[in-house]
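Peer 1: Please find one structure pasted underneath; my questions will follow.
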Amino acid sequence: PVVTYVLPDGSERAVDVPPGQTVMDGSVRNNLPGIVAECGGSCSCATCHVYVDPESQAFFDEMTDEERELLEFSDGAQDNSRLSCQLVITGECEGVRVTVSAENG
Ligand code: FES
């Protein structure tokens with residue numbers, strides 16, 4: 001499915017992310033800026049922070065307590081904040097749209 005990333009500079013990139021990969025993987029593998037993913041996807045660094053568009057939120061599983069706690073301490077956290085390494089793409093995810101936090105660096 002094609003996932004659109006709104007980058008910290010305001011530009012947009014749409015890339016195909018295979019099912020089973022995460023929103024973080026799709027960014028890193030396509031060399032998009034803004035998602036640092038220091039911990040490599042183990043839900044412990046919060047440098048993969050994104051804001052998920054309201055229409056896209058239902059495609060993903062609920063947050064774990066671990067993710068919620070990490071986000072509580074992240075700069076710029078909002079109601080629609082998620083850690084993109086915890087957002088697994090499925091075949092249903094066509095059109096998912098996320099905004100990459102400018103605070104990941
Ligand atoms: Fe570290 Fe997502 S990559 S928490």
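Just so you know, all these numbers are worked out from the coordinates, no wet-lab data involved. The structure displayed is predicted, hence computed values, not measured ones. Here Cβ is always computed from backbone atoms with ideal geometry, including for glycine, and neighbour counts include all displayed protein chains.
Peer 1: Could you please let me know if residue 1 is away from the ligand (no atom under 16 Å from the Cβ), in contact (Cβ under 8 Å) with a residue 60 or more places away in the chain, over 12 Å from the mean Cα position of the chain (by Cα) and more than 12 Å from residue 96 (Cβ to Cβ)?
Peer 2: It is false that residue 1 is away from the ligand (no atom under 16 Å from the Cβ), in contact (Cβ under 8 Å) with a residue 60 or more places away in the chain, over 12 Å from the mean Cα position of the chain (by Cα) and more than 12 Å from residue 96 (Cβ to Cβ).
Peer 1: Does residue 94 satisfy being within 13 Å of residue 4 (Cβ to Cβ) and surrounded by fewer than 17 Cβ atoms within 10 Å (Cβ to Cβ)? Please lay out each step first, then the result.
Peer 2: Working: within 13 Å of residue 4 (Cβ to Cβ): yes; surrounded by fewer than 17 Cβ atoms within 10 Å (Cβ to Cβ): yes.
Yes: the conditions hold for residue 94.
Peer 1: Scan region 41-56 and give yes if some residue there is more than 12 Å from the ligand (Cβ to nearest atom), more than 11 Å from the chain's Cα centre (by Cα) and among the aliphatic types (A, V, I, L, M), otherwise no.
Peer 2: No, region 41-56 has no match at all.
Peer 1: Further question: Name the single residue, out of those in region 13-36 being over 18 Å from residue 90 (Cβ atoms) and surrounded by 20 or more Cβ atoms within 10 Å (Cβ to Cβ), that is nearest to the ligand (Cβ to nearest atom).
Peer 2: Step one: list which residues in region 13-36 are over 18 Å from residue 90 (Cβ atoms), which gives 13, 28, 30-36.
Those left that are additionally surrounded by 20 or more Cβ atoms within 10 Å (Cβ to Cβ): 34-35.
Working: 34: 12, 35: 8 Å.
In this case the residue turns out to be 35.
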